[in-house]
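The values are calculated or read from the model by the stated rules, or taken from the named source; none is laboratory data. Just so it is clear, the model here is predicted, and its values are computed rather than measured. Counting neighbours? That spans all protein chains shown, and the Cβs are built from the backbone with ideal geometry, glycine included.
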Amino acid sequence: MAPEAPKKRFPFLFLPCLVALFLLFAPPAILAGPVLPKYHFGIPPYQKGQTVDEIRQLYKPMLVWLGEQVGCQFDFVGANSYEEMIEMVASGRVQFAGLGPVPYVEAKRKNPRLRLLLTELKWNEGRTKLVDVYHAYIVALKSRQDLNGLADLRGKKFAYVDTHSTSGFQYPNALMRGQGIVPEAFFGKVYYLGSHPRVTDAIVAGSIDAGATWDFNLEQAKKKHGDLFKVIYAPPPVPNLAIVAHPSLPQDLQEKIRQVLPTIDPALLKGLPTDGFAVRPDSFYDPIRLIVDQRTPPAR
């Protein structure tokens, strides 16, 4: 019997070599798979006192999850002021953002093509249902027995947040003027501290007598300083924060965000001033437009 011919192994030995060479010299983009488009998400510094990195980490779970759902990447972009974020959203430097009611109205007036995607929701005080409004407050220390209402603040040192802040200036300022109170003449001294935590910090430090803030920051301040605060004026509720899109964000992506974000697991929103999202018409913010229209520039 003739000896059996040796089996040809060359093709099988050569194949692994070809694969190794491909992996060695292939462009990184091929190895990493398709590159997803990236868009910028921003918010104003409503909780300044936290670093941009701290806020970025709070929003990271939401943005990573949302990107996975809609097929893109979102990175967080911070701002040094309300004015800066309004301009960034209106100009398209930020394509996707969470804005308070007044910043949203102002940004949309700068760029009417901005689109309201969603309104943020939060638990009511008894945690029995999610609501689409929040509360603006004027607060002082409980120990200040001489301060129990607006009339008691005559001649006192008072702090707002920022002239673009809804709960930290626009809303309480408009309502006080509606009651015949001209803040610049009524208060002994008026400050603009730039963020909600700075207002409550200043109240605790005793450098001001009272100040304007919102319910989320008041709860944060109680965790930081203890249950030291009392509300001496509580205006009617304010429409909640708006999630908006610049027209440079593709239309199909806007629709996906609008559909998907309301389904997010609330655990991914931990530490954020929102507990959910819902679709609301742009007219939901018309009461804020009335306030913006009637406002009088403050003396600075």
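Just a few scattered comments:
- 1 or more residues outside the structural domain of GLN170 (by TED's automatic domain parsing) and either crowded, with 18+ Cβ neighbours inside 10 Å or modelled with pLDDT of 95 or more (or both): qualifying helices (runs of 4 or more DSSP H) within the range 21-118: 52-70, 82-91, 101-110
- Residue in the range 260-275 that is of a type in the set (Ser, Thr, Tyr) and surrounded by fewer than 19 Cβ atoms within 10 Å (Cβ to Cβ) present: yes
- Test: residue in the range 169-191 that is over 30 Å from GLY42 (Cβ atoms), assigned by TED's automatic domain parsing to the domain that holds PRO250 and either buried (at least 17 other Cβ atoms within 10 Å of the Cβ) or not aliphatic (A, V, I, L, M) (or both): no
- Counted as qualifying within the range 135-235 are the helices (runs of 4 or more DSSP H) with 1 or more residues that are more than 18 Å from the chain's Cα centre (by Cα) and modelled with pLDDT under 90, namely 171-178, 183-186.
- All positions within the range 121-134 that are part of a strand (DSSP E or B) and either closer than 28 Å to ALA210 by Cα or touching a helix residue (DSSP H, G or I) at 6+ places or on another chain (Cβ under 9 Å) (or both): LEU121, LYS122, TRP123, VAL131, VAL133, TYR134
- Residue match in the range 151-159 (condition: under 17 Å from PRO235 (Cβ atoms) and out of contact with any strand residue (DSSP E or B) (no Cβ under 9 Å at 6 or more places or on another chain)): yes
- Residue match in the range 124-131 (condition: under 16 Å from the mean Cα position of the chain (by Cα), surrounded by 14 or more Cβ atoms within 10 Å (Cβ to Cβ) and more than 16 Å from HIS246 (Cα to Cα)): no
- Selection within the range 267-300: residues that are charged (D, E, K, R) and not in a loop (DSSP other than H, G, I, E, B). The member of this set that is modelled with the lowest pLDDT is ASP293.
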